[in-house]
Number of protein chains: 2
Amino acid sequence: MKFGIFGGGKIGGKANPLGDSYAYQDFIQYVIDAEDLGFQSAFLVEHHFTGVGQLSASLSLLTFLAARTSRIRLGSAVIVLPWHNPVLLAEQVATLDLLSGGRYEMGVGRGYRKEEFDSFCIPLSEAQERYVECFELLIKSLSSKERFSHHSKYWNFENIIVEPAPMQQPHPPVWMAAGTPQGIEYVASQGHGVLFDQIASIAEIVERVNIYLDAQEKSGYARDAMRCGVTRALHILNNESEREKAYERRRETLKKIGALARRPGANTPATFADVDIANDDAALIGTPEEIAERLQKLADGGVEYVLLTSATANRATLETFMNKIVPQVKLRAPTPRKAVA
Amino acid sequence: MKFGIFGGGKIGGKANPLGDSYAYQDFIQYVIDAEDLGFQSAFLVEHHFTGVGQLSASLSLLTFLAARTSRIRLGSAVIVLPWHNPVLLAEQVATLDLLSGGRYEMGVGRGYRKEEFDSFCIPLSEAQERYVECFELLIKSLSSKERFSHHSKYWNFENIIVEPAPMQQPHPPVWMAAGTPQGIEYVASQGHGVLFDQIASIAEIVERVNIYLDAQEKSGYARDAMRCGVTRALHILNNESEREKAYERRRETLKKIGALARRPGANTPATFADVDIANDDAALIGTPEEIAERLQKLADGGVEYVLLTSATANRATLETFMNKIVPQVKLRAPTPRKAVA
């Protein structure tokens with residue numbers, strides 16, 4: 001089982017300019033610590049105009065991190081394609097991949113926050129179409145060795161060749177979020193990695209991982225659970241008095257995710273706030289022993305790659321996780337070649 | 001007199017993927033060497049689709065350099081605004097400024113290469129209008145502490161606030177290229193720095209610097225020649241046998257600049273190829289003594305800031321320049337407070 005960190009979230013507000021700077025430095029140090037402690041990857045989010053300082057120019061921060069680290073994989077989770085010029089994006093991606101020595105993991109997505117689409121003055125109803133168009137042109141831009149022209153609904157380019165070429169040929173590994181069987185099977189069939197959300201229960205995750213592995217095999221790829229990134233919230237409790245506060249925080253997170261993801265036309269935000277947190281096993285909340293138990297269930301189900309989003313996001317948490325929790329988990333041999341079913 | 005380096009030019013072709021990587025590493029080392037040797041700044045170009053590997057994602061490379069350096073100022077010369085989404089650009093600029101500890105110098109321009117506009121499918125005739133619109137929104141995005149909406153011909157945003165805030169408030173120093181008296185006076189009146197080209201003779205440069213300083217004063221700013229960046233080609237000759245080759249190279253450069261800058265409708269490229277290179281004093285081509293003499297003329301005329309574009313772009317050249325050439329130049333006191341006229 002391997003672990004990554006997932007985040008780049010709230011990093012200071014605009015009110016205090018030094019606040020932003022300190023928060024960035026803290027996050028940079030967190031990624032350096034993660035590399036030092038043997039984490040496999042750091043995946044960064046992208047959000048805009050939140051007013052709470054969420055990371056906007058994720059590729060910029062990843063490029064800075066490329067210079068400050070040497071081994072850890074650097075990923076996006078995800079670049080929201082409908083907001084970007086696919087060719088300028090390809091240039092930034094290729095430059096990051098090159099400067100990091102081929103360590104970039106290219107997570108892409110369609111976006112879901114209505115507020116962000118409204119701010120970009122792009123209808124959320126165009127998201128899927130723009131996503132598909134941008135993705136195709138991004139991949140072509142990264143991989144074409146020859147000049148080409150492109151004319152589609154939203155983008156037009158004539159006689160272009162994207163420089164530099166990425167180090168990872170023909171392009172960095174692609175990751176896409178998926179939840180439904182059809183979605184997971186599609187991602188697997190394309191040879192892309194899949195990102196699973198932090199809300200699904202252990203049973204759901206295990207089911208999805210196996211759908212993915214089966215679909216990989218069916219499409220002629222080797223079964224490889226390292227291509228299933230399972231995001232989990234991490235909150236290690238030092239004592240019982242911290243438990244209720246941690247549950248409260250989890251409820252808030254779920255509420256926010258629900259509110260931000262609400263669909264246009266729905267007047268009441270979807271909410272996960274009524275989830276029974278104590279019996280919800282999705283998050284890695286608990287004592288080291290409790291967390292190890294949940295990881296064991298994931299490992300037993302075939303999960304090999306867990307991306308942690310931590311409320312504290314500091315070295316102490318990562319150390320406890322790596323030194324006190326991970327050793328308690330009995331790992332299976334790497335991805336079995338036969339379907340578990 | 002202070003010195004910067006100017007470049008990021010041809011850094012490998014797409015044919016050899018490792019070529020790009022090595023070339024980037026060479027350029028990164030060159031900037032680190034420049035910092036080490038006391039250079040004030042590194043200004044990077046932006047070009048697209050050249051097929052010869054010119055730097056495309058300049059802000060990405062600058063962000064990487066921010067992590068590898070600690071003192072040198074990191075500049076764009078220039079970001080070609082008509083090709084960029086001004087708000088996404090502001091996010092990248094602010095992130096770079098923050099991560100570099102406030103070392104970013106924001107050179108912006110309208111663009112001039114017809115081939116690039118054709119490839120972006122943006123008419124060169126729209127360049128000026130797009131440039132103005134993008135610049136205004138870029139500045140507003142960087143400096144606004146409040147949410148705002150923006151609706152103009154090319155860009156629409158609703159209820160946005162750009163995060164993070166840049167470290168340099170309200171925004172990083174702006175630089176614009178200018179050549180005509182009207183252009184120079186406008187740039188000075190706005191409080192922006194000016195970038196002068198590598199083709200103008202010493203007499204022309206001296207005239208322009210003084211137009212700028214006078215206009216600064218007239219607009220209520222302190223006279224400050226550090227806000228006039230004078231680009232000069234550098235080619236140090238170790239012996240006479242290298243001279244003809246250096247001249248030939250200079251002719252080629254001028255020919256290329258002329259061809260790339262040609263205006264639509266002109267069938268024959270403008271060309272500088274008939275310039276009498278031996279008597280043209282624009283470039284710093286020659287023995288250390290000859291180069292020192294040209295720098296002396298610039299210094300005597302009020303130039304305080306020279307940006308070097310070097311054919312060799314290596315540490316040895318920078319060392320020779322700093323250790324053998326600069327000490328020969330008798331520097332004036334910093335910018336005189338009275339007009340030279």
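In peptide A:85-95, how many Cβ atoms from other protein chains are near each Cβ within 10 Å, on average? Write down the numbers at each step before the final one.
Numbers: counts 5, 0, 6, 9, 2, 2, 8, 6, 2, 6, 11.
The per-residue average across the peptide is 5.
What angle do you read, to the nearest 10 degrees and between 0 and 90, between the alpha-carbon axis of helix B:243-260 and the longest principal axis of chain B?
30 degrees
If you build a Gaussian network model of chain B, linking Cα atoms that sit under 10 Å apart, which residue out of B:177, B:90, B:67 swings the most?
Checking each option, the largest mean-square fluctuation is seen for B:67.
Nearest 10 degrees, 0 to 90: what angle lies between the long axis of helix B:17-36 and the longest principal axis of chain B (Cα atoms)?
Long axis of B:17-36 versus the principal axis of chain B: about 70 degrees.
Have a look at the DSSP beta bridges in the protein assembly as shown and tell me what percent are antiparallel, nearest 5.
Numbers: 6 of 72 bridges.
Taking every DSSP beta bridge with both residues in the protein assembly as shown, the antiparallel ones total about 10 percent.
Return the FRET efficiency for the residue pair residue B:257, residue B:156: r is the Cβ-Cβ distance, R0 is 60 Å, and the value is rounded to the nearest 0.05.
On the way: r = 36 Å, r/R0 = 0.60.
Efficiency computed from Cβ-Cβ geometry: 0.95.
Output wanted: per-residue J couplings in Hz (rounded whole) for segment A:146-160, from phi through Karplus 6.51 cos²θ - 1.76 cosθ + 1.60, θ = phi - 60°, x for Gly and Pro.
Each residue's phi maps through the Karplus curve to give 10, 5, 8, 10, 9, 9, 9, 4, 9, 9, 9, 9, 10, 6, 10 Hz.
Which one, A:76, A:40, A:138, projects farthest toward the positive side of the charge dipole computed for segment A:1-177 from Cβ point charges (K/R +1, D/E -1)?
Projecting each Cα onto the dipole axis, the largest value belongs to A:40.
Which value, in debye to the nearest 20, gives the size of the charge dipole of the protein assembly as shown about its Cα centre, when Lys and Arg are +1 and Asp and Glu are -1 at the Cβ? Mind showing how you got there, number by number?
Details: 74 positive and 82 negative charges, 31 e Å.
Charge dipole, the protein assembly as shown, about its Cα centre: 140 debye, nearest 20.
Neighbour counts of other C-beta atoms within 10 Å: give me B:212, A:131 arranged from fewest to most.
Fewest-to-most ranking of B:212, A:131: A:131, B:212.
Does the protein assembly as shown come out rounded, prolate or oblate by the C-alpha gyration tensor, with a ≥ b ≥ c the root eigenvalues, rounded set by a/c under 1.5 and, if not, prolate when a/b is larger than b/c and oblate if not? Provide the component values of the computation, followed by the final result.
On the way: a/c = 2.02, a/b = 1.96, b/c = 1.03.
In terms of gyration-tensor shape, prolate.
Would you please state which residues of segment B:95-112 a label at residue A:25 would reach in this model, taking the label point 7 Å out along Cα→Cβ and a backbone N cut-off of under 11 Å?
Within reach of a label on residue A:25, which here means backbone N under 11 Å from a point 7 Å along Cα→Cβ, segment B:95-112 contributes B:101.
Among the trypsin sites (Lys or Arg not before Pro) within segment A:44-99, which fall in a DSSP loop and have no more than 14 other Cβ atoms within 10 Å of their own Cβ? Before the final figure, lay out each step's value.
Numbers: sites: A:68, A:71, A:73; in loops: A:71.
Those that pass, being in a loop and sparsely packed, are A:71.
Using the alpha-carbon atoms, what tilt in degrees (0 to 90, nearest 10) does helix B:58-68 show relative to the longest principal axis of chain B?
70 degrees
What per residue convex hull volume, in Å³, comes out for segment A:1-177 when only alpha-carbon positions are used?
Working: hull volume 20.2 nm³, N = 177.
So the per-residue hull volume is 114 Å³.
For a Förster distance of 45 Å, can you work out the FRET efficiency between the beta-carbons of residue B:36 and residue A:239, rounded to the nearest 0.05? Before the final figure, lay out each step's value.
Values: r = 51 Å, r/R0 = 1.14.
Between residue B:36 and residue A:239 the formula returns 0.30.
Roughly how big is chain B's charge dipole about its Cα centre, with Cβ charges of +1 (Lys, Arg) and -1 (Asp, Glu), in debye to the nearest 20?
Working: 37 positive and 41 negative charges, 59 e Å.
Approximately 280 debye in magnitude.
Taking H as built 1.01 Å from N, whose amide H comes closer than 5 Å to the amide H of residue A:175, not counting residues under 5 places away?
A:106, A:107, A:108, A:193
Could you list B:113, B:250, A:130 in order of exposure, starting from the residue whose Cβ has the fewest other Cβ atoms within 10 Å? It would help to have the intermediate numbers written out before the result.
Values: B:113 18, B:250 21, A:130 24.
By the 10 Å Cβ count, ascending, the order reads B:113, B:250, A:130.
For segment B:1-177, calculate the relative contact order in percent as a whole number, restricting contacts to Cα pairs under 8 Å that are 6 or more residues apart. Display every interim value, and only then the final one.
Numbers: 305 pairs, mean separation 36.1, N = 177.
Taking the mean separation of contacting Cα pairs over the length of segment B:1-177, I get 20 percent.
Taking amide H positions as placed 1.01 Å from N in the peptide plane, with prolines and chain starts having none, which residues 5 or more places from residue B:287, or on another chain, fall under 5 Å of its amide H?
Counting only residues 5 or more places away or on other chains, the set is B:237.
Sort shortest first the distances from residue B:169 to its counterpart in every other copy, using label points 7 Å along the Cα-to-beta-carbon line, and give them in nm.
The projected label point of residue B:169 is separated from its counterparts by 5.0 nm.
What is the average number of partner chain Cβ atoms found within 10 Å of a Cβ in A:50-62? Intermediate results must be reported in sequence, preceding the final value.
Values: counts 2, 5, 1, 4, 2, 4, 10, 17, 2, 6, 15, 6, 2.
Mean partner shielding for this stretch: 6.
Between chain B and chain A, with a rotation axis joining them, whose C-beta in B is nearest that axis, and what is the whole-Å distance?
B:67, 2
Using the Cα gyration tensor of chain B, with a ≥ b ≥ c the square roots of its eigenvalues, what is the shape: rounded (a/c below 1.5), prolate (a/b larger than b/c) or oblate (neither)?
Details: a/c = 1.43, a/b = 1.29, b/c = 1.12.
Here chain B falls in the rounded category.
Defining the label point at 7 Å along Cα→Cβ, can you sort the distances from residue B:132 to the same site in each other copy, shortest first, in nm?
4.0
Would you mind checking the pairs A:297/A:324; B:114/B:218; B:297/B:324; A:218/A:330 and listing those with alpha carbons more than 25 angstrom apart? If you can, show how the numbers build up before the last one.
Details: A:297/A:324 17 Å; B:114/B:218 36 Å; B:297/B:324 17 Å; A:218/A:330 29 Å.
In this structure, B:114/B:218; A:218/A:330 lie more than 25 Å apart at Cα.
Let me have the relative contact order for segment A:165-235, percent, based on Cα pairs under 8 Å that are six or more residues apart.
Working: 86 pairs, mean separation 22.8, N = 71.
Once normalised by length, the contact order is 32 percent.
To the nearest whole number, what is the average tally of beta carbon atoms from other chains within 10 Å of the beta carbons of peptide B:141-150?
On the way: counts 0, 0, 0, 1, 3, 1, 4, 0, 2, 1.
Per residue, the average neighbour count from other chains is 1.
Set the Förster distance to 45 Å, then compute FRET efficiency between residue A:121 and residue B:289 from the Cβ-Cβ distance, nearest 0.05.
On the way: r = 60 Å, r/R0 = 1.33.
After rounding, the FRET efficiency stands at 0.15.
So how much slack lies between residue A:129 and residue A:324, counting 0.36 nm per residue of separation and subtracting their Cα-Cα distance, in nm?
Numbers: separation 195, 0.36 × 195 = 70.20 nm, distance 4.61 nm.
Gain in length upon complete extension: 65.6 nm.
Using only DSSP helix segments of four residues or longer, with each worth -39500 (n - 2.57), what per-residue ellipticity at 222 nm results for chain A after dividing by its residue count and rounding to 500?
Values: 10 runs with 132 residues, N = 341.
The per-residue figure over chain A is -12500 deg cm²/dmol.
Taking H as built 1.01 Å from N, whose amide H comes closer than 5 Å to the amide H of residue A:40, not counting residues under 5 places away?
A:3, A:4
Got a sec to turn the phi values of segment B:105-117 into Karplus ³J(HN,Hα) couplings, 6.51 cos²θ - 1.76 cosθ + 1.60 with θ = phi - 60°, whole Hz, x for Gly and Pro?
10, 8, x, 10, x, 8, x, 9, 7, 4, 4, 5, 4
Considering only A:239, A:111, A:253, whose Cα is most displaced toward the positive end of the charge dipole of the protein assembly as shown, charges sitting on Cβ of Lys, Arg (+1) and Asp, Glu (-1)?
A:239
Once the label point is set 7 Å along the Cα-to-beta-carbon vector, what list of distances in nm do you get between residue B:327 and its counterparts in the other copies?
Output for residue B:327: 6.0 nm, nearest copy listed first.
Taking only the alpha-carbon atoms of segment B:124-184, what semi-axes of the equivalent ellipsoid follow from 5 times the gyration tensor eigenvalues under a square root, in whole Å, largest first? All intermediate terms of the calculation are to be shown ahead of the outcome.
Working: eigenvalues 115, 64, 10 Å².
After diagonalising the Cα gyration tensor, the semi-axes are 24, 18, 7 Å.
Every read-out reported here was derived from the displayed coordinates using simple, explicitly stated rules and does not represent laboratory data. Remember, it's a predicted structure, so these values are computed and weren't measured experimentally. Here Cβ is always computed from backbone atoms with ideal geometry, including for glycine, and neighbour counts include all displayed protein chains.
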